[in-house]
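Quick notes on the structure that follows.
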Amino acid sequence: MRLEVIYTDRYFQDWPTWPLIYEWEDVFAEELGLKLVDSNKASVTAFYIDKVLRFSSRKLFGDNRLIIFADKFINKRQAFYFELLPRSSFYFTGSKNTIPVIIDFWKSIDLNLFYNAYKNCKIVLISNFQAYNYLKECKCPLNIYHFPQSIADKYKISTDAPFKKTYDIIIPGRVDSILWGFLKEYEKKFPDIEYLYREDINGKFVYISNKTGIHYSGQEREEYMNLLRASKVTLYSTVGIDGDEVRTGGFSPVTPRFLEMISAGCEIMARYPANEETQYFEMEKICISCDDYLLFENELSKALNGNGPDLKLYENYLSKHHTSVRVGLLKKILAQTR
């Protein structure tokens, strides 16, 4: 199977989490010689078929004749596409001409609808290793492969050029309630620490200093990465713990934010479970899971008063998870598929 294009949402989707995906697309496009095409142009017919199926009964959706008919009108170019969540009805991502990479997959997803929506695909790539293994256990009829998330090669870390650290701690993105509680307890004991936390103000993400109250812009990708690079320590937890289990069904994937923190040369105070995903990403090599306050206090004090992380360890670690490595994985998968 030979790819021709990458469908992208970059021409209409500008939420701050999406530029990370666009960076992946850029690496794939460059290394594979693929053209970036607006995903809205994949198929107008598929858009309207999707609308019909969404507002119709499952009985109608189960009529495969409609899906087969719709698939005839999908763009014939062999395409690659990063899809945030799986669809429950037919769309261009379920075409025989498209290879979707499903980034988030939760246990609550209706498997029969998922199977039917992607039954025409020659290949379906699943990012979360837990979800991939779950689908295998459920005897998924689709041709699925594990395709882990990554970080763009431009974020390679160098042992020769450590970042200048201005802030003690940054809490990027979603705040884990337990880690947040640990930090507030630590602040009582060590009131001189400065940390940045994120807030949404008028639809824009800003980072606020607990000491000065100053707002630092973190909406744009480079602004966010620069704040990470300027911080000694970050707080991180995997998705799907501490009350988030209801949403994910117990899956607890490692997100690219973990890789971003490493690329920024940060020490990481983390909470995560032992599962296939965290073992795949070898999280224990980078940070331990702080499951009680005393452990958190000890680790944070060492991080704040130490000489920073082992950048050689970080460099070697990231070499396994740059997007170009995933390009190599995709080439191997494609070579197995006719």
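The values are calculated or read from the model by the stated rules, or taken from the named source; none is laboratory data. Since the structure is predicted, the reported quantities are computational estimates derived from the model, not experimental observations. Glycine gets a Cβ as well: all are built from the backbone with ideal geometry, and neighbour counts include every protein chain shown. Surface accessibility is based on the protein's heavy atoms, side chains included, excluding ligands, DNA and RNA. Shrake-Rupley method; radii C 1.70, N 1.55, O 1.52, S 1.80 Å.
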Conditions: (1) open to solvent by 40 Å² or more (accessible area, probe 1.4 Å); (2) at pLDDT below 95. Lys232 meets all but one. Number of the miss? (2)
Over region 301-324, the set of residues of a type outside the set (S, T, N, Q), in contact with a Ser or Thr (Cβ under 7 Å, 6 or more places away or on another chain) and surrounded by 14 or more Cβ atoms within 10 Å (Cβ to Cβ) is Leu311, Glu315, Leu318, His321, His322
Residue pairs qualifying under the 6 Å Cβ cut-off, at least six apart or on distinct chains, with the first in region 74-94 being part of a strand (DSSP E or B) and the second being of a type in the set (A, V, I, L, M, F, W, C), are Ala79/Val5; Phe80/Leu3; Phe80/Ile6; Phe80/Ile99; Phe82/Ile21; Phe82/Val101; Glu83/Ile102
One residue is enough: does region 226-245 have a residue meeting the conditions acidic (Asp, Glu) and touching an Asp or Glu at 6+ places or on another chain (Cβ under 7 Å)? yes
Out of Glu297, Glu276, sole residue that is under 25 Å from the mean Cα position of the chain (by Cα), modelled with pLDDT of 95 or more and either over 26 Å from Tyr155 (Cα atoms) or open to solvent by 40 Å² or more (accessible area, probe 1.4 Å) (or both): Glu276
Could you tell me whether Asp168 is acidic (Asp, Glu) and under 24 Å from the mean Cα position of the chain (by Cα)? no
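Name the strands (runs of 3 or more DSSP E) wholly inside region 95-149 in which the number of residues that are open to solvent by 30 Å² or more (accessible area, probe 1.4 Å) is 1 or more. Walk me through how you get there before you give the answer.
On the way: elements: 98-102, 124-126, 144-146.
Strands (runs of 3 or more DSSP E) meeting the threshold: 144-146.
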Given (1) within 25 Å of Leu294 (Cβ to Cβ); (2) of a type outside the set (Asp, Glu); (3) modelled with pLDDT under 95, index of the condition Lys188 fails: (3)
Just name the residue that is modelled with the lowest pLDDT out of those in region 13-59 that are open to solvent by less than 80 Å² (accessible area, probe 1.4 Å) and among the charged types (D, E, K, R). Asp50
When residues of region 214-229 are limited to those that are touching a residue at least 24 places away in the same chain (Cβ under 8 Å) and out of contact with any helix residue (DSSP H, G or I) (no Cβ under 9 Å at 6 or more places or on another chain), the one least open to solvent (accessible area, probe 1.4 Å): Leu227
Cβ-Cβ under 8 Å pairs, at least 6 apart or on other chains, region 257-286 side touching a residue at least 12 places away in the same chain (Cβ under 8 Å) and farther than 18 Å from Phe129 by Cβ, far side acidic (Asp, Glu) and open to solvent by 40 Å² or more (accessible area, probe 1.4 Å): Met269/Glu299; Arg271/Asp242; Arg271/Asp291
Residues being farther than 22 Å from Ile171 by Cβ and assigned to a loop (DSSP other than H, G, I, E, B): count how many of those fall in region 303-333. 5
Got a sec? Which of Ile151, Ile126, Ile144, Ile178 is in contact with a helix residue (DSSP H, G or I) (Cβ under 8 Å, 6 or more places away or on another chain) and touching a residue at least 60 places away in the same chain (Cβ under 8 Å)? Ile151
Using the structure shown, decide if Thr166 is in contact with a helix residue (DSSP H, G or I) (Cβ under 6 Å, 6 or more places away or on another chain), hydroxyl-bearing (Ser, Thr, Tyr) and open to solvent by 10 Å² or more (accessible area, probe 1.4 Å). no
Among the residues of region 60-94, write down those that are touching a helix residue (DSSP H, G or I) at 6+ places or on another chain (Cβ under 6 Å), open to solvent by 40 Å² or more (accessible area, probe 1.4 Å) and at pLDDT below 75. Phe73
